1. Report yes if some residue within the stretch 158-180 is crowded, with 19+ Cβ neighbours inside 10 Å, farther than 18 Å from VAL71 by Cα, modelled with pLDDT of 95 or more and not acidic (Asp, Glu); otherwise report no.
2. If we keep just the residues of the stretch 41-93 that are hydroxyl-bearing (Ser, Thr, Tyr) and out of contact with any Pro (no Cβ under 8 Å at 6 or more places or on another chain), which is surrounded by the most Cβ atoms within 10 Å (Cβ to Cβ)?
3. Of all residues in the stretch 28-62 being small (Gly, Ala, Ser) and assigned to a helix (DSSP H, G or I), which is nearest to HIS96 (Cα to Cα)?
4. Name every residue in the stretch 138-158 that is among the small types (Gly, Ala, Ser) and either part of a strand (DSSP E or B) or in contact with a Phe, Trp or Tyr (Cβ under 6 Å, 6 or more places away or on another chain) (or both), in order of residue number.
5. So PRO247 ticks every box in (1) surrounded by 14 or more Cβ atoms within 10 Å (Cβ to Cβ); (2) farther than 25 Å from ARG299 by Cβ; (3) at pLDDT below 95 but one. Which box is left unticked?
6. So is ALA51 among the small types (Gly, Ala, Ser), without any contact (Cβ under 8 Å) to a residue 24 or more places away in the chain and within 23 Å of VAL168 (Cβ to Cβ) or not?
7. What are the residues in the stretch 221-242 that are surrounded by 22 or more Cβ atoms within 10 Å (Cβ to Cβ) and closer than 16 Å to VAL177 by Cα, if any?
Amino acid sequence: MEVYRDPLGVDDPPRGALLSIGNFDGVHIGHQTILRHVAHRASEVGAVSAAMTLDPHPVKLLRPREAPKLVTTLEQRLQLIERTGISTCMVMPFTHRLARMPAEDFVRQVLVDRLAVREVYIGANFRFGADRGGDVDLLARMGRELGFEAAAAPTVEVGGEIVSSTRVRRAVADGRVEDVSELLGRFMYVDGSVLEGKRLGRKLGFPTLNVDWQNELIPDRGVYITATHIPSFGRTFPSVTNLGVRPTVYENSVATMESHLLDFSGDVYREKVRLYFLSRVREEEHFSSTTQLMAQINRDVETTRLWFLNHPVSSLDLVLP
């Protein structure tokens, strides 16, 4: 996929594309539906399929205190958009100048003069331009005047409720990773690097990778069945991961993400990793003694082993870095 990170400046994105515009955080199954439609439709008419995504998220620039924590980093978002078959992605830098641009000017100056779009698709609730003045109705009206077509993306429902990035974020924050997988059409993952730790887990008999994560939003505190991909090894390992504040033993309030890889030993400090959240084992607990903690860790590891007996890593559809 070709990526243009300055489509209004030095970059020269293709003209005449079929385009979908959105924030696309998480690239959930609703996003995937419209992006795949754009890719298929572009193939039918012999045009370029394109997505335009905003960075940073508009709320982060305009009302930073209200900005949502995002499910995906920009690079993850681009990888997931590419998986839908889109051939071109334009990363639109969201600036105060762009925020002040009237929606009609955005359509004329960007979509028509700069990009000469043939068709445009946006979510029914997506808004653009100053004071959020642009919507699918405005696009359709101006398209009839300026020579392009516009339509609203179909909504996708799960459990009788529309799938949205807000709904995904709520499920992540609650630790409902099985629900998250259903909404995303894939397992949620975070990217990070392994920190040099105090190796206290090794002293307890369960060495862990202390992961410094990049994603803004991670699941709620608790213990999770995970899979840990280490690119330098070219392998993905079954793992069990604790998200919390190191209760009982460490006596501090620093949030950590510690992953114990089953039947693995090796020095991976400072290595990049991708951690997939597959199922939740339990909530975070406080133990009155190290003995109780170790007994519970043993139970968590056995629960994880049983899960992977029924779901081998090789059978999982993972988005590899």
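1. There is no residue in the stretch 158-180 that is crowded, with 19+ Cβ neighbours inside 10 Å, farther than 18 Å from VAL71 by Cα, modelled with pLDDT of 95 or more and not acidic (Asp, Glu).
2. So the first thing to find is which residues in the stretch 41-93 are hydroxyl-bearing (Ser, Thr, Tyr), and the list is 43, 49, 53, 72-73, 84, 87-88.
Those left that are additionally out of contact with any Pro (no Cβ under 8 Å at 6 or more places or on another chain): 43, 49, 53, 72-73, 84, 87.
Values: SER43: 13, SER49: 24, THR53: 22, THR72: 26, THR73: 15, THR84: 22, SER87: 18.
My answer is THR72.
3. Of all residues in the stretch 28-62, those small (Gly, Ala, Ser) come to 30, 39, 42-43, 46-47, 49-51.
Subset that is assigned to a helix (DSSP H, G or I): 30, 39, 42-43.
On the way: GLY30: 28, ALA39: 31, ALA42: 32, SER43: 35 Å.
The extreme case among them is GLY30.
4. So the first thing to find is which residues in the stretch 138-158 are among the small types (Gly, Ala, Ser), and the list is 140, 143, 147, 150-153.
ALA150, ALA151, ALA152, ALA153 - these are the residues of the stretch 138-158 that are among the small types (Gly, Ala, Ser) and either part of a strand (DSSP E or B) or in contact with a Phe, Trp or Tyr (Cβ under 6 Å, 6 or more places away or on another chain) (or both).
5. (2)
6. Details: among the small types (Gly, Ala, Ser): yes; without any contact (Cβ under 8 Å) to a residue 24 or more places away in the chain: no; within 23 Å of VAL168 (Cβ to Cβ): yes.
Answer is no for this residue.
7. Listed by number, the residues that qualify are VAL223, TYR224, ILE225, THR226, ALA227, THR228, SER239, VAL240, THR241, ASN242.
Conditions tested, residue by residue: (1) exposed (fewer than 15 other Cβ atoms within 10 Å of the Cβ); (2) among the hydroxyl-bearing types (Ser, Thr, Tyr).
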site	(1), (2)
ARG274	no, no
PHE277	no, no
GLU283	yes, no
THR291	yes, yes
ASN298	yes, no
PHE308	no, no
HIS311	no, no
SER315	yes, yes
PRO321	yes, no
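The values are calculated or read from the model by the stated rules, or taken from the named source; none is laboratory data. Just so it is clear, the structure is predicted and the values come from calculations on it, not from any experiment. With ideal geometry, Cβ positions are generated from the backbone for all residues, glycine too; neighbour counts draw on all protein chains shown.
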